[in-house]
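Asker: One structure coming up, written as structure tokens, with questions to follow.
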Amino acid sequence: MTAIRPNRLRCGIFLAPFHPVDEDPTLALRRDIDLIEHLDRIGFDEAWIGEHHSAGYEIIASPELMIAAAAERTEKIRLGTGVISLPYHHPLMTANRMIQLDHMTRGRAMFGVGPGLLPSDAEMLGVPVPKQRDRMAESLDVILRLLSGEIVTEQTEWYTLKEARCQLLPYTRPRPEFAVASTFTPSGGKLAGRYGLGMLCVAASQQGGYDVLGTNWQVACEIAREHGREMDRGVLRLVVPMHIAQSREEAMHDVKFGLHKWVHYFSSINPTATGDDLDAKEPAEAMVKSGRAVIGTPDDAVAMIEKLEKQSGGFGCLLMLAHNWANFDATKRSYELFAREVLPRFNESNIARDASLKWYTEHNTELIGKAIAAATETVQKHFAEQAAKQQKH
């Protein structure tokens, strides 16, 4: 029998979310839940949900609340925080929320962590931007100790713990799955290697993030070996913007619905870091040309994944950026097309079916001949039986 891949490529979404300021926010949040329900029905593996507090578009302030709501409406999809901004929260409170979600979802919750992305969030909270990564590392260390059942007494410049402990231990033993955000710097890889965490490469298709995919993973592997462990590529997740349809023309037409708003948002919040593709007169075509996004067919999605596999050395899960470039119906069709036509190519879902069809095709003359012969014999037997009955009468 033909050998197949030992581990299937998983798929999911990374939901910031991106909701334009000209639509009803209540309905937008409801649509996010509806989308996760749809993904659960069509077999997506994961959905990661972000935390933001400013700039108007990314309006989910608590990914934990969204996970709790989505968990009650889904069956199998795993739900992750993408990500909790650790410097914004007391580590004991964060640990307790994580454990509660782990129990409420019976192990379907995953915990992505990061330093916080929008400097406006940090500014409002009085968190010094230069200290965000250091504070994330401090918080993560304490949270993992608390989840292991340790009693922690510790004081830093931004939190105090006095004989702190979690009154519940995790539902998932020894602990739920953790992943750390990784973009351009090696800091995420260092933490992943030190603690044995997954990595969320949220800028995998952007030139800067793409260039360091292999490097940051290597950093994680080297640090892991220093701590006596080996990294598993199954915990490496790459985030890519995609919208696919039956033709490139259809996909390009679909994204006219909302891509320009998405581009305007990024140009507004960080006008110095958009890139030539977002500044172009036709950003959809420029983003495809630069490799930042897939706006095309299932074949284009396959080509992107193959490119990322080669650059990274292999990964476990492809997360499609949830972006609202197309209307909701076209968006759902894009995800379904990905599940139906893209994933099976990497997971070799149809190897046995192809082999069966090939075998039958190669032997069909012989097999059909046997079937015809059997049918002919049956007919002849029937007429012989009828003739025998007539002779008796």
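Asker: Which of the residues spanning the stretch 1-38 are among the hydrophobic types (A, V, I, L, M, F, W, C) and at pLDDT below 95?
Answerer: Our first condition is that a residue be among the hydrophobic types (A, V, I, L, M, F, W, C); within the stretch 1-38, this holds for 1, 3-4, 9, 11, 13-16, 18, 21, 27-29, 33, 35-36.
Once the filter is applied, which keeps residues that are among the hydrophobic types (A, V, I, L, M, F, W, C) and at pLDDT below 95, the stretch 1-38 yields 1, 3, 4.
Asker: Related question: I need the full set of residues from the stretch 92-141 which are within 16 Å of residue 168 (Cα to Cα), in contact with a Pro (Cβ under 9 Å, 6 or more places away or on another chain) and assigned to a helix (DSSP H, G or I), in order please.
Answerer: Selection gives 98, 99, 101, 102, 103.
Asker: Would a scan of the stretch 379-390 turn up a residue that is among the aliphatic types (A, V, I, L, M) and surrounded by 12 or more Cβ atoms within 10 Å (Cβ to Cβ)?
Answerer: Residues of the stretch 379-390 among the aliphatic types (A, V, I, L, M): 379, 384, 387-388.
From what's left, surrounded by 12 or more Cβ atoms within 10 Å (Cβ to Cβ): none.
Scanning the stretch 379-390 turns up no residue that is among the aliphatic types (A, V, I, L, M) and surrounded by 12 or more Cβ atoms within 10 Å (Cβ to Cβ).
Asker: In the stretch 316-344, what residues are among the small types (Gly, Ala, Ser) and touching an Asp or Glu at 6+ places or on another chain (Cβ under 7 Å)?
Answerer: Within the stretch 316-344, the first condition is being among the small types (Gly, Ala, Ser), and the residues that meet it are 316, 322, 326, 330, 334, 339.
Scanning the stretch 316-344 gives 326, 330.
Asker: Next question, about the same structure. Which of the residues belonging to the stretch 253-270 are under 15 Å from residue 285 (Cβ atoms), free of Cβ contacts under 8 Å to residues at least 60 places away in the same chain and in a helix (DSSP H, G or I)?
Answerer: 253, 260, 263
Asker: Considering the stretch 197-232 alone, what residues qualify as being surrounded by 19 or more Cβ atoms within 10 Å (Cβ to Cβ) and of a type in the set (Val, Ile, Thr)?
Answerer: At the first step, the residues of the stretch 197-232 found to be surrounded by 19 or more Cβ atoms within 10 Å (Cβ to Cβ) are 197-206, 209-210, 212-213, 216-217, 219-220, 223-224, 231.
Result: 202, 212, 219, 223.
Asker: Give 138, 163 a once-over and let me know the one that is at positive phi, charged (D, E, K, R) and in the same structural domain as residue 289 (by TED's automatic domain parsing). Before the answer, list the steps.
Answerer: Working: 138 fails: at positive phi.
Only one candidate passes the filter, namely 163.
Asker: Before we move on, is residue 59 among the β-branched types (Val, Ile, Thr), surrounded by 15 or more Cβ atoms within 10 Å (Cβ to Cβ) and closer than 19 Å to residue 240 by Cβ?
Answerer: On the way: among the β-branched types (Val, Ile, Thr): yes; surrounded by 15 or more Cβ atoms within 10 Å (Cβ to Cβ): yes; closer than 19 Å to residue 240 by Cβ: no.
Spelling it out, it is not the case that residue 59 is among the β-branched types (Val, Ile, Thr), surrounded by 15 or more Cβ atoms within 10 Å (Cβ to Cβ) and closer than 19 Å to residue 240 by Cβ.
The values are calculated or read from the model by the stated rules, or taken from the named source; none is laboratory data. The structure presented is a predicted model; accordingly, all values stated were derived computationally and were not measured. All Cβ positions, glycine included, derive from the backbone under ideal geometry; neighbour counts span all protein chains shown.
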